[in-house]
1. Count the net charge of all other residues whose Cβ sits under 10 Å from the Cβ of A:Y90, scoring Lys and Arg as +1 and Asp and Glu as -1.
2. Do you know the relative contact order of chain B, to the nearest whole percent, from alpha carbon pairs under 8 angstrom that are 6+ apart?
3. Please compute the net charge surrounding B:L101, taking Lys and Arg as +1 and Asp and Glu as -1 over other residues with Cβ under 14 Å from its Cβ.
4. When the dipole is taken about the Cα centre of segment A:1-80, and only Lys, Arg (+1) and Asp, Glu (-1) are charged at their Cβ, what size is it in debye, to the nearest 20?
5. What stretch of chain B, leaving out the sites themselves, is the longest with no trypsin sites (Lys or Arg not before Pro) in a DSSP loop having at most 12 other Cβ atoms within 10 Å?
6. Once you keep just the Cα pairs under 8 angstrom separated by 6 or more residues, what percentage relative contact order results for segment A:21-115?
7. Mind checking the dipole of chain B: about its Cα centre, +1 per Lys or Arg Cβ, -1 per Asp or Glu Cβ, Debye to the nearest 20?
8. At most 12 other Cβ atoms within 10 Å plus a DSSP loop assignment makes a site exposed; report the longest stretch of chain A without any exposed trypsin sites (Lys or Arg not before Pro).
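A short reminder: the numbers here are calculations on the coordinates, not readings from a lab. Quantities reported herein were computed from a predicted structural model and do not represent experimental measurements. Cβ sites come from the backbone with ideal geometry, for glycine too, and all protein chains shown count toward neighbours.
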Amino acid sequence: EAEVAQSPRYKITEKSQAVAFWCDPISGHATLYWYRQILGQGPELLVQFQDESVVDDSQLPKDRFSAERLKGVDSTLKIQPAELGDSAMYLCASSPGRGLLYEQYFGPGTRLTVT
Amino acid sequence: GQQVMQIPQYQHVQEGEDFTTYCNSSTTLSNIQWYKQRPGGHPVFLIQLVKSGEVKKQKRLTFQFGEAKKNSSLHITATQTTDVGTYFCAGPKDGGSQGNLIFGKGTKLSVKP
């Protein structure tokens, strides 16, 4: 069964450093999402792509976070500089389309710890 | 702003007991999805409800969508240790035109064998 791939699985970084996370969605899935999940909370959407275009980045802290999906396939989420409050699980998800009726397939996530 | 709320936050049951989690939205939803996240895992899609008053069953799991499409529930009959995890409901953000979701905070279920 096809899966969403993410790397790294774990990342420890010092505050003020730059970090990057990578996501490879299920083949053929046009829609890609990046979520942040704080322990004990539900996933919170950071950015949504449709192919290579950003559909929604209203919750992305743009002063330090950036995301790209240059060829409409895999995607990178970057934080620079990292802050202590960025410690969380970063989840990538993909779906076949953008409509209301599509389920989302999540990757295993990247656990970020900022020290 | 738009909110999706779930209760209870935690539920501890003895194996074999039933379990119910409730989801309430501040706005009317066109549809609602449920996900399960095992400890240390990632959310996995369980089901989607679309119609007012809809009831769907998956083995021991029963999902309901309220008549007003502002609430939903998940009921598990005779829980098993394999049911352990956090159950999230999620509704379309801002009317759902973009297909993105707002998740509740989840209900964490623990099952004592």
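1. Values: positive: A:K11, A:R36, A:R111; negative: A:D86.
Local net charge: +2.
2. Numbers: 293 pairs, mean separation 41.1, N = 113.
Relative contact order for chain B comes out at 36 percent.
3. Details: positive: A:R36, A:R98, B:K93, B:K105; negative: A:E44, A:D56, A:E103, B:D94.
So the environment of B:L101 carries a net charge of 0.
4. Working: 9 positive and 12 negative charges, 78 e Å.
That gives a dipole near 380 debye.
5. Values: sites that count: B:K51, B:K59.
With trypsin sites (Lys or Arg not before Pro) excluded where exposed in loops, chain B gives B:60-113 as its longest stretch.
6. Numbers: 202 pairs, mean separation 30.2, N = 95.
Relative contact order here is 32 percent.
7. On the way: 13 positive and 7 negative charges, 34 e Å.
Dipole of chain B, to the nearest 20 debye: 160 debye.
8. Of all site-free stretches, the longest is A:10-61.
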